[in-house]
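One structure is given here, and the rest of the page talks about it.
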Amino acid sequence: MSIGENRFLEEYEPGGYPSVALAVDLVVFAVVRSTLHVALVRRGEHPFKGDLALPGGFVGTEEDALGAAWRELEEETGLDLGAHRAHVEQLATFSSPQRDPRMRVVSVAHLALLATDGRTLPALDPGSDAAAASWHPVHEVLATGALAFDHRDILAAALERLAGRIEYTLTAAKLLPEEFALYQLRHVYEAVWNTDRLDAGNFTRKMTGALTDTGRKVARSKGAPASVFTVRDEYLSPPMTRPSAGAGR
C-alpha cells in the first residue's frame, strides 16, 4: 500500500545523500581605454588566502542564485549593479568535484556587463572576506595570472561567451551608455577581441544598419565631432568577423 506524500516527506532522510553546497561566482566586465577589465578580489581567508578570485560566495537558504550573486558582489566589491547600467545573465554551472578543497561545491556563474563612458571604471570597495578588490585587464589575467579555485576557467568561458556573441548581436553596446559614438563601440569590439586591427570604415558599414542616428554629435579630443547612435536592432546581418588568433595587439 502506497503512503501519502505528506508521510513520505515526513519520513524522508536527506542526510542519506551526499551533501553539496551551492555557490555563485560573478564575472563583471567593463571597458575603459579600449581594454576589457574584470573585477577581482584578493581573498582574505583560506582556502587560496591572498590569491585573486572572482567575487562570489555561498547561496543562502532563503536565496536564489541570482539574488545571492547580487548580494555577494556588493559585499565583496561595493558594486551595486542596480545603481549602474548593467546587463546580468547566467553563464554556466561549474561542478567539478575537485573545484573546491573544502567540500563538494557547485557554482552557478553569472556574467555581468557594466556600462562605462570608456574613460573611468567604477570604484571598488572590498568587504566581507575580501582583502582587496580591483579591476584587472582580462587578457593579461588569462595569459599570465593564476586565479583561485577554477575561476580562470570561468573567466575564460565568460570571455568566449561575450567574444562570440558580439559577432552577430549588438551585445557590445551593453558595455556603453545607451547613446554612444561609433568609435566607442569599435573600441569595445577591439577590447573584447584584443585587437587593434578593425578597419573604421568597414566597421561603420557593418554597424549602421542596426543603429539609429540620434541626429546629435559629441565632441572628440581629436578630429571632428562624432555622431551619436542608439541600438535599433539587436542582431547584426551580416555578422561581424572576429579576427583570427594571432591578429591581436
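The values are calculated or read from the model by the stated rules, or taken from the named source; none is laboratory data. Note that the structure is a prediction, hence the values are computed from the model and not measured. Note that each Cβ is placed from the backbone with ideal geometry, even for glycine, and that neighbours are counted across all protein chains shown. Each accessible area value is taken on the protein alone, full model and side chains, heavy atoms only, with ligands, DNA and RNA left out. Shrake-Rupley method; radii C 1.70, N 1.55, O 1.52, S 1.80 Å.
Are any residues in region 128-146 farther than 22 Å from Thr171 by Cβ and either open to solvent by less than 20 Å² (accessible area, probe 1.4 Å) or in a strand (DSSP E or B) (or both), and if so, which ones? Please lay out each step first, then the result.
We begin by selecting, within region 128-146, every residue farther than 22 Å from Thr171 by Cβ; these are 128-134, 140, 143-146.
Within region 128-146, Ala130, Ala131, Ala132, Ala133, Ser134 meet the criteria.
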Checked pairs for region 115-126, first closer than 15 Å to Gly78 by Cβ, second open to solvent by 50 Å² or more (accessible area, probe 1.4 Å), C-beta under 8 Å and 6 or more apart or across chains, list as Pro122/His84; Pro126/Arg42
Search result, residues across region 147-186 that are in contact with a Pro (Cβ under 9 Å, 6 or more places away or on another chain) and open to solvent by 20 Å² or more (accessible area, probe 1.4 Å): Phe149, Glu167, Tyr168, Gln184
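Taking the stated definitions as given, is Val59 hydrophobic (A, V, I, L, M, F, W, C), open to solvent by 10 Å² or more (accessible area, probe 1.4 Å), within 21 Å of Phe149 (Cβ to Cβ) and at pLDDT 95 or above?
Working: hydrophobic (A, V, I, L, M, F, W, C): yes; open to solvent by 10 Å² or more (accessible area, probe 1.4 Å): yes; within 21 Å of Phe149 (Cβ to Cβ): yes; at pLDDT 95 or above: yes.
So Val59 passes the test.
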Given the structure, is Asp233 farther than 27 Å from His139 by Cβ, of a type in the set (Asp, Glu), surrounded by 11 or more Cβ atoms within 10 Å (Cβ to Cβ) and in contact with a helix residue (DSSP H, G or I) (Cβ under 7 Å, 6 or more places away or on another chain)? yes
From the set of residues in region 1-37 that are touching a helix residue (DSSP H, G or I) at 6+ places or on another chain (Cβ under 8 Å) and of a type in the set (Ser, Thr, Tyr), which is farthest from Gly57 (Cα to Cα)? Ser34
Do you know which residues across region 189-218 are surrounded by fewer than 13 Cβ atoms within 10 Å (Cβ to Cβ) and assigned to a helix (DSSP H, G or I)? Ala200, Gly201, Asn202, Arg205, Gly209
Going by the structure shown, is Arg161 basic (Lys, Arg) and either under 30 Å from Gly56 (Cα atoms) or modelled with pLDDT under 90 (or both)? yes
Matching residues in region 77-106 (open to solvent by less than 50 Å² (accessible area, probe 1.4 Å), of a type outside the set (Val, Ile, Thr), within 22 Å of Ala130 (Cα to Cα) and under 15 Å from the mean Cα position of the chain (by Cα)) number 2
Selection status of Arg104, touching a Ser or Thr at 6+ places or on another chain (Cβ under 8 Å), farther than 23 Å from Glu160 by Cβ and in contact (Cβ under 8 Å) with a residue 12 or more places away in the chain: yes
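Answer with yes or no whether Arg119 is assigned to a loop (DSSP other than H, G, I, E, B), more than 18 Å from the chain's Cα centre (by Cα) and loosely packed, with under 15 Cβ neighbours inside 10 Å. Please lay out each step first, then the result.
Numbers: assigned to a loop (DSSP other than H, G, I, E, B): yes; more than 18 Å from the chain's Cα centre (by Cα): yes; loosely packed, with under 15 Cβ neighbours inside 10 Å: yes.
Criteria met by Arg119.
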Looking at (1) open to solvent by 40 Å² or more (accessible area, probe 1.4 Å); (2) in a strand (DSSP E or B); (3) in contact with a His (Cβ under 9 Å, 6 or more places away or on another chain); (4) aliphatic (A, V, I, L, M), which is the only condition Leu22 fails? (3)
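So in region 62-76, with the set limited to residues that are among the charged types (D, E, K, R) and closer than 18 Å to Ala21 by Cβ, which one is most open to solvent (accessible area, probe 1.4 Å)?
Residues of region 62-76 among the charged types (D, E, K, R): 62-64, 71-72, 74-76.
Remaining after also requiring closer than 18 Å to Ala21 by Cβ: 62-64, 71-72, 75-76.
Values: Glu62: 172, Glu63: 60, Asp64: 98, Arg71: 70, Glu72: 17, Glu75: 77, Glu76: 7 Å².
Residue satisfying both the conditions and the ranking: Glu62.
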Note on Glu10: of the conditions (1) surrounded by fewer than 17 Cβ atoms within 10 Å (Cβ to Cβ); (2) within 30 Å of Leu162 (Cα to Cα); (3) among the charged types (D, E, K, R), unmet is (2)
On the basis of being of a type in the set (D, E, K, R) and under 19 Å from Val20 (Cα atoms), does Asp51 make the cut? no
